[in-house]
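Engineer: Input: one structure, supplied below.
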Amino acid sequence: AEELHQDYLSGLVRLTRMVAAVTLAIELAGAWILWLAWSGLLGWGRAGYFALFHAVSAFNNAGFDLWGDSLIRFAARPEVVLTVAALLVLGGLGFSVLAELLSWRPGHRFTLHSRMALIMAGTLVVVAWAVVLALEWANPATLGKLPVPVRLLAGLFTAVTPRTAGFTVVPIGELRTATLLWLMVLMFIGVSPGSTGGGVKTTTAAVVALTARAAIRGDEELVVLGRRLPRGIEQRAITLVVLALAWIFVVVLALAAIEPMDGLKLAFEAVSAFGTVGLSTGITPQLSVPSRLLLVATILVGK
């Protein structure tokens, strides 16, 4: 009930039924499109298996793939890239938001939670897309080698996937330092509460940012989209962010003490684990057993 923002058992039961139905419908729709895209490459039967596996993996923000190179080979296939990106976004919105979207009627006013989640999701996608394009446009190892339309498409996907998705259409290890830092911010924020993804959640990040603005302006109350938030919400959000940053700092410090590797790549690995993202610059197989166990613990703490 806490995770799905339901105060009554009847609403929780109804929402649970909706979760099962919507999940199945979205995953089957995504699998159908991917099946059409891959049937000529794999044959109908094997393409169906691959399509269903990747649709489930994408909607649930798992990031596991059967190709061995994630989706890099399909960077120029918009039907694949956009379908997977749509599954990632829908899975990251949260089931209570999806329920409101499905039940929307003219004149219906979304709840404060849904409005915050939708605004944050849309804003982060647009801003992240612009930043990724600006940083990687001329990088010959990633977007720079692609035709302009494919650059735009790959840039969009690279902006979406750090939100705990784990798929990629460009080699993460070849991204520039500034881009890796930007992706770490996105991985730390994550997706919406009650969704299939991780991170501290978009609404938490929004509350922390608005709390800082209120403190700077000297406001005594925290107002979001015309609504006054209950007292204590901002303390919970700030506490969550501080604890998350503290855990990540300790893990990065321990990894740096154990592994003779680039500190930024180790930090990227830790943030990716905490956000249950699954992205890596490629150093995971080279890590020692203690470092891998640290990352396993970080994944569990993140969840």
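The values are calculated or read from the model by the stated rules, or taken from the named source; none is laboratory data. Computed from a prediction, not measured in an experiment: that's the story for all the values here. Cβ placement follows ideal geometry from the backbone for every residue including glycine, while neighbour counts extend to all protein chains displayed. All accessible areas refer to the heavy atoms of the entire protein, side chains included, with ligands and DNA or RNA removed. Shrake-Rupley method; radii C 1.70, N 1.55, O 1.52, S 1.80 Å.
Engineer: With every protein chain kept in place and ligands, DNA and RNA left out, what is the accessible area per residue of segment 43-147? Probe 1.4 Å, answer in Å².
Structural biologist: Result: 46 Å² of accessible area for each residue.
Engineer: Could I ask something else about it? Pick out, from THR83, LEU183, ALA237, the residue whose Cα sits farthest towards the positive end of the charge dipole of the chain, with +1 on the Cβ of Lys and Arg and -1 on the Cβ of Asp and Glu.
Structural biologist: Highest projection toward the positive end goes to THR83.
Engineer: To continue, here is another question. Quick one: order ARG73, ARG236 from most to least accessible surface, probe 1.4 Å. Display every interim value, and only then the final one.
Structural biologist: On the way: ARG73 125, ARG236 150 Å².
The ranking, largest first, comes out as ARG236, ARG73.
Engineer: Okay, moving on. Does a label point 7 Å from the Cα of ASP262, set along Cα-to-beta-carbon, have any residues of segment 161-191 with amide nitrogen under 17 Å, and which are they?
Structural biologist: Only 170-185 pass the distance filter.
Engineer: Rounded to a whole number of µm²/s, how large is the Stokes-Einstein D of the chain at 37 °C and 0.692 mPa s, given Rh as the Kirkwood radius over C-alpha pairs?
Structural biologist: On the way: Rh = 20.3 Å.
The estimated diffusion coefficient comes to 162 µm²/s.
Engineer: If each of ALA134 and ILE233 carries a label point 7 Å out from its Cα toward its Cβ, how far apart are those two points in nm?
Structural biologist: 3.0
Engineer: Can you give me the long-range amide H partners of VAL224? Hydrogens built in the peptide plane at 1.01 Å from N, cutoff under 5 Å, separation of 5 or more residues or another chain.
Structural biologist: Answer set, sorted by chain and number: LEU229.
Engineer: Further question: Which lysines does LYS145 reach when only Cα atoms under 30 Å apart count, and residues fewer than 8 places away in its own chain are ignored?
Structural biologist: Here the lysines satisfying the reach criterion relative to LYS145 are LYS265.
Engineer: Leaving out ligands, DNA and RNA, what percent of the accessible area of the chain is carbon and sulfur, probe 1.4 Å?
Structural biologist: Numbers: 10060 of 14680 Å².
C and S fraction of accessible area: 68 percent.
Engineer: Considering the options ALA47, ALA212, SER96, tell which one lies farthest towards the positive end of the dipole of the chain, charges being +1 on Lys and Arg and -1 on Asp and Glu at the Cβ, about the Cα centre.
Structural biologist: My answer, from the dipole projection, is SER96.
Engineer: Could you compute Rg(Cα) / (2.2 N^0.38 Å) for segment 1-140, with N its residue count? Write out the running numbers ahead of the final one.
Structural biologist: Values: Rg = 17.5 Å, N = 140, 2.2 N^0.38 = 14.4 Å.
Scaled against compact globular proteins, the figure is 1.22.
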